[in-house]
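Beneath this line is the structure, given in structure tokens, with notes to follow.
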Amino acid sequence: MEKSQMNWSIVNSSKKKIAYVNDRSILTIGNTNDCDIILPHSDKNKIFSQIFLHDGFIFEIRNKIVSTYFLSKKFYFLDNQVIINFKNTDGFFLNSLMQNKFNSSCIDLFLFPNLKEEDINERNNIHNKIYESITKIFSLNLFKITLLEVQNELSQYSISHLNTKKYHYFDIVKTASTFLDTFYWKENSIFDKENIYLFKRIIWCVCAQINDFGILTLPLIDEDISEILVNNAQKTYFESKGQLSLSPIKFDPQSSLMTLIERICTAVGRKIDESTPFCDARLPSGARVHAIIPPLSLNGPCLTIRKFPKFSIDMTYLIENSSITKEIGEFLNEIVLSKKNILISGGTGTGKTTFLNCLSSFIPQNERIITIEDSAELQLQQLHIVRLETRIENSEKAGAVTIRTLLKNALRMRPDRIIIGECRGEEALDMLQAMNTGHDGSMTTIHANSPRDALLRLETLVMFASQNLPSTAIREQISTAIHYIIQLSRLSNGKRCVTSIHEVVTLCEQTKTFLTKPIYEFNYK
């Protein structure tokens, strides 16, 4: 209803608003204590159409038929030219849908609005209920039918119309609401809050499936989850605060997991199929994605997503969380300012990239920095930065650009410091030569379990680049290029910390082995 003739008046009191009905052509608002306007009981039988708002939604009941609107709906009062524009810009659903901003508290509010404050502290239990609820919705036939109806409707729109994300979301919600009004409210009362929340959750899930990452949309924007590990369609694990736990999330049908993987890869210009059954990608949020599918993955498609915190982690944060001590922080500041070459060593998931990002915060603003990464994850705060990222080969097996190629280009770009996200191949030789030829203060990371293992692995990587170089020459290059090795570890409780810092002193003349000097060593228990 866009226009209606109405004859009514609203009386405001200190605690409530009352609408007085004059005839059957009137539009009244609300009928419960939770609504904006309270209707006197004696006038309820005169209601022609009633409306109430709920977090950005407008529910209109006319002759027992429910119509749902979203965002804004204007009603014109022709008698006195009054226009009421119902637009709830503070509604949680509106903000989360249009701006895609969720945090843990918002997620709790969205799915469990009646949570008590003391219950919110039980974060793990609450989140399990949240993801169990979302999983159930994705398996509902009503959700699947609604999704199909919306997809059929959107297929009739032009590409230019759908390219505008705001209107895209509006069309999804409008179509889903209209379809659900026909079926959902026949069996559920619109005055029951739980029914309203379920109605909105179904629509949110439809939007997530069409426009985002389906059932993984919520964990991807959940700030408490740092890693999502999908072993197969029936088993998904979350990492939170360094601890892994099985989540209630399941993909139904199983093909929906493969569809999600294909969508992620296609969005970043990558291809995944039987001929290329694996893919590395990066989401717009910066999250690192790896997917591998049959025939390589025997249990079905496997998806691994590593998220990065939206806030910048610095040395102050590490000190407050006991990952390092204040004395270590001051020492690291000194060696970075004195332009020492640093190798950060650690196993998978020990926080090497994050720690490299923290170290870079000590670099002066007037220095020119060039970063080289497989997937751009570093978030340096300096102004004078050039960021380079590798490129994989295309479907014709051509066009690949490696870290080694980018490093050779970087040397011609007048860098003061070169930062390589991870050293894992032939680029090790060029990196050592750069460190030995005027690019002091450069940094990189490497996978190794100890400082000694880090040096030996670096030697092995250099051999990949040139098998003709004698081992002694390689070790001499390493001993003069690398000044300090910082070893990171992840403890059994999930905590990441610095376990040792070693200075590379020299190469033993007799045995030709590395001589290192421990600066700090810690035994975390």
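The values are calculated or read from the model by the stated rules, or taken from the named source; none is laboratory data. Here the structure is a predicted model, which means the values were calculated and not measured. Note that each Cβ is placed from the backbone with ideal geometry, even for glycine, and that neighbours are counted across all protein chains shown.
Would you call residue 402 under 30 Å from the mean Cα position of the chain (by Cα) and among the β-branched types (Val, Ile, Thr)? Lay out the reasoning, then the answer.
Working: under 30 Å from the mean Cα position of the chain (by Cα): yes; among the β-branched types (Val, Ile, Thr): yes.
Against the criterion (under 30 Å from the mean Cα position of the chain (by Cα) and among the β-branched types (Val, Ile, Thr)), residue 402 qualifies.
You will find that of 271, 250, the residue that is out of contact with any Phe, Trp or Tyr (no Cβ under 9 Å at 6 or more places or on another chain) and basic (Lys, Arg) is 271 and no other. Applying the criterion of being surrounded by fewer than 20 Cβ atoms within 10 Å (Cβ to Cβ) and under 41 Å from the mean Cα position of the chain (by Cα) to the residues of segment 462-476, the residue that is modelled with the highest pLDDT is 463.
Please verify whether segment 493-501 includes one or more residues that are closer than 28 Å to residue 415 by Cα and small (Gly, Ala, Ser). Walk me through how you get there before you give the answer.
Let us first name the residues in segment 493-501 that are closer than 28 Å to residue 415 by Cα, namely 501.
After this cut, where a residue has to be small (Gly, Ala, Ser) as well, the list is none.
No: segment 493-501 contains no residue that is closer than 28 Å to residue 415 by Cα and small (Gly, Ala, Ser).
Tell me whether segment 377-392 contains one or more residues that are of a type in the set (Asp, Glu) and under 30 Å from residue 272 (Cα atoms). Yes - at least one qualifying residue is present in segment 377-392. Scanning segment 480-517 for residues that are surrounded by 19 or more Cβ atoms within 10 Å (Cβ to Cβ) and aliphatic (A, V, I, L, M) turns up 481, 482, 485, 486, 488, 498, 501, 504.
Only residues that are touching a residue at least 12 places away in the same chain (Cβ under 8 Å), among the hydrophobic types (A, V, I, L, M, F, W, C), surrounded by fewer than 19 Cβ atoms within 10 Å (Cβ to Cβ) and in a loop (DSSP other than H, G, I, E, B): list them for segment 288-300, please. Reasoning before the result, please.
The first filter runs over segment 288-300 and keeps only residues touching a residue at least 12 places away in the same chain (Cβ under 8 Å), leaving 288-297, 299-300.
If we keep only those that are among the hydrophobic types (A, V, I, L, M, F, W, C) as well, we get 289, 291-293, 296.
Subset that is surrounded by fewer than 19 Cβ atoms within 10 Å (Cβ to Cβ): 292, 296.
Correct list: 296 only.
Looking at the structure I just gave you, is residue 303 touching a Leu at 6+ places or on another chain (Cβ under 9 Å) and not in a strand (DSSP E or B)? I'd like the intermediate steps shown before the answer.
Working: touching a Leu at 6+ places or on another chain (Cβ under 9 Å): yes; not in a strand (DSSP E or B): no.
No, not satisfied.
Here is a list: 227, 122. Which entry is in contact with a Lys or Arg (Cβ under 8 Å, 6 or more places away or on another chain) and either at pLDDT below 85 or not polar (S, T, N, Q) (or both)? On inspection, the qualifying residue turns out to be 227. Residue-level analysis places residue 333 among those that are modelled with pLDDT of 90 or more and more than 20 Å from the chain's Cα centre (by Cα).
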